[in-house]
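Asker: This is the structure I want to talk about, given as structure tokens.
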Amino acid sequence: MYQQARLPSYRARLLLIMLIYSLIQLSIVVVTSYWYVSDSEYQDKGERALDVARVVAKLPDVVSAVERRDSANLQPLAEELRRTMGASFIVVGDVDGIRLAHPKSERIGKPMVGGDNHAALVLGQEYVSQAKGSLGVSVRGKVPVKDQQGQIIGIVSVGYLLEKIDVQLQPYLHFMVLLVMAVLSLNMLIGWWLAQRIKDTLLGFEPEQMTRLYAELQATLNTIREGVIAINREGIITNVNANAIRLLGKDLQGKSISPVGLPLRDWLPDSDMAELLDQPQAQSDVELLLNGHLVIANRVPMKDQQQNFIGMVSSFRRKDEITLLTKQLSQIKAHSEALRVQNHEHSNQLNTIAGLIQLGESDKALSFIGQANDQFQELIRFLIEAVEDSVIAGCILGKFHRARELGLTLNIDPDSSLRDLPAHCGSEQIVTIVANLLDNAFEATRASNGREPINLSMTDLGNDIIIEVEDFAGGIQDNLQANIYEQGVTTKTQGDHGIGLYLVKETVQILRGNVEFSSDNLGTRFTVYIPKQLKQE
């Protein structure tokens with residue numbers, strides 16, 4: 001079991017990240033929005049102040065009062081206009097910038113503050129400025145006052161204090177703050193839900209633990225001897241271990257090229273695993289020919305926590321690797337049986353010789369010894385000349401003695417020759433073929449209570465190695481002929497069942513050969529063809 005992570009949980013870290021991220025985003029949005037709205041408001045107030053100043057500067061009463069410097073009549077008029085227009089102030093000055101009207105009457109007669117009158121009083125321009133006056137920082141419109149001759153005789157300044165504008169923006173700012181809090185709360189809820197979904201998807205593990213599990217999975221897959229391939233519902237390879245690439249012969253010059261992300265049909269065209277995606281079901285010990293290699297595969301559907309089908313995974317191993325121990329065991333049993341038979345036969349011969357000596361038949365004993373020795377030496381001489389491989393020769397010799405022990409006769413074609421074994425054909429494979437075919441012939445002959453001989457012939461002339469075993473035991477039952485090579489199909493009632501011909505067929509397939517049989521009421525003949533040269537694929 002994994003220990004509890006010392007770092008904050010993934011959910012807490014995700015929520016914290018989303019909170020910080022949301023705060024940064026929302027802060028940028030709020031500041032930008034507030035700046036944009038306030039700037040727009042300042043410009044709007046400035047244009048409005050300029051429009052009011054233009055109207056005031058052209059009023060006849062204002063022009064005449066400025067000409068006379070009549071503050072007594074100009075002050076109440078300016079205040080009435082200020083209240084009507086909703087401005088913060090309306091200030092009227094003469095050509096020297098001396099106040100003639102001001103919201104605070106005690107400041108009349110004093111110079112106007114702000115230092116932004118020059119363009120209006122000297123240049124006669126109309127404009128909007130932002131400056132700090134006696135009432136505070138404001139945005140204001142400046143318009144010169146002109147007499148009938150167009151001479152500048154004064155100035156009108158209409159303004160809106162920024163602090164009042166900011167007060168008007170407070171509801172918007174409050175709304176933005178509430179919106180930020182609402183969005184943050186929503187993001188927190190979404191973050192909590194998302195973190196929970198991710199954690200459920202990760203089966204309750206933290207991301208660091210999941211990374212460790214993935215690394216362990218990859219290491220485990222690459223250490224097992226079986227090949228493993230996983231595909232998703234679309235038939236795309238999602239995982240494959242190194243042994244799968246090696247077993248299928250997909251590594252080029254010792255370099256394994258990962259097929260992850262490729263369609264299985266493109267990477268392994270002769271695999272039918274993608275066809276199981278429509279009707280997924282588990283399969284065990286399925287024999288397949290993949291990329292020219294015989295394999296035994298197991299396929300299992302993959303499902304998520306909700307039992308939804310998400311893909312297939314297949315493990316497989318080379319068939320020749322699986323049967324290697326079986327073949328080796330068969331060889332050991334064959335050699336052991338040969339030794340046992342020879343020991344038994346020699347014991348019988350020694351008993352016969354001892355009996356003849358006890359009966360005083362020394363001449364017959366010597367004759368028997370010579371005859372047995374000549375027969376044995378002749379067989380050995382023939383095998384040495386006809387069969388180059390000592391393992392194969394030993395197997396045939398053992399089967400010869402085994403036939404004699406069973407009261408049967410094994411005839412070996414004197415024209416047999418097996419000296420030219422191709423590089424791809426091992427002696428243990430020939431032993432598997434010959435031993436199992438002869439064992440079946442012995443068993444069939446004994447079961448039929450016949451005494452007809454069993455014939456063995458071998459030749460390596462031509463392009464193929466041909467091995468033929470023939471018996472006269474009455475043939476194979478019709479109902480067994482179609483499936484005679486399948487594992488478990490047998491006519492035996494004792495001992496191993498249905499493995500001999502299965503191993504023969506499997507071995508011949510590995511050698512790219514062919515095995516045929518003919519059977520009638522007289523007997524059965526099995527013929528094996530093994531090519532000396534493999535065709536280039």
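Asker: So which trypsin sites (Lys or Arg not before Pro) in the range 372-432 are both in a DSSP loop and have at most 16 other Cβ atoms within 10 Å of their Cβ?
Answerer: Listed in order of number, the matching sites are 419.
Asker: Also: Relative contact order of the range 36-109: what whole-number percent is it, with Cα pairs under 8 angstrom and at least 6 residues apart?
Answerer: Once divided by the residue count of the range 36-109, the mean separation gives 21 percent.
Asker: Mind checking the full-extension length gain between residue 313 and residue 381? Use 0.36 nm per residue of separation minus the Cα-Cα distance, one decimal, nm. It would help to have the intermediate numbers written out before the result.
Answerer: Values: separation 68, 0.36 × 68 = 24.48 nm, distance 5.58 nm.
Full-extension gain reported as 18.9 nm.
Asker: Can I ask one more? Roughly how many whole Å is it from the C-alpha centroid of the range 109-176 to that of the range 498-537?
Answerer: 111 Å
Asker: Net charge near residue 434, counting Lys/Arg +1 and Asp/Glu -1 over other residues with Cβ under 12 Å of its Cβ?
Answerer: Local charge sum for residue 434: -3.
Asker: Any idea of residue 127's accessible area? Nearest 10 Å², probe 1.4 Å.
Answerer: 40 Å²
Asker: Past the 24 Å Cα-Cα mark, which pairs from 104/142; 58/142; 399/532; 45/132; 250/303?
Answerer: Going by Cα-Cα distance, 399/532; 250/303 fall outside the 24 Å limit.
Asker: Provide the packing ranking of 517-527, 42-52, i.e. peptides ordered by the mean count of other C-beta atoms within 10 Å per residue, highest first.
Answerer: In descending order of packing, they fall as 42-52, 517-527.
The values are calculated or read from the model by the stated rules, or taken from the named source; none is laboratory data. Keep in mind it's a predicted model, so treat the numbers as computed, not measured. We place every Cβ from the backbone using ideal geometry, glycine too, and count neighbours over all the protein chains shown. To get the accessible areas, we keep the full protein, side chains included, count just its heavy atoms, and leave off ligands, DNA and RNA. Shrake-Rupley method; radii C 1.70, N 1.55, O 1.52, S 1.80 Å.
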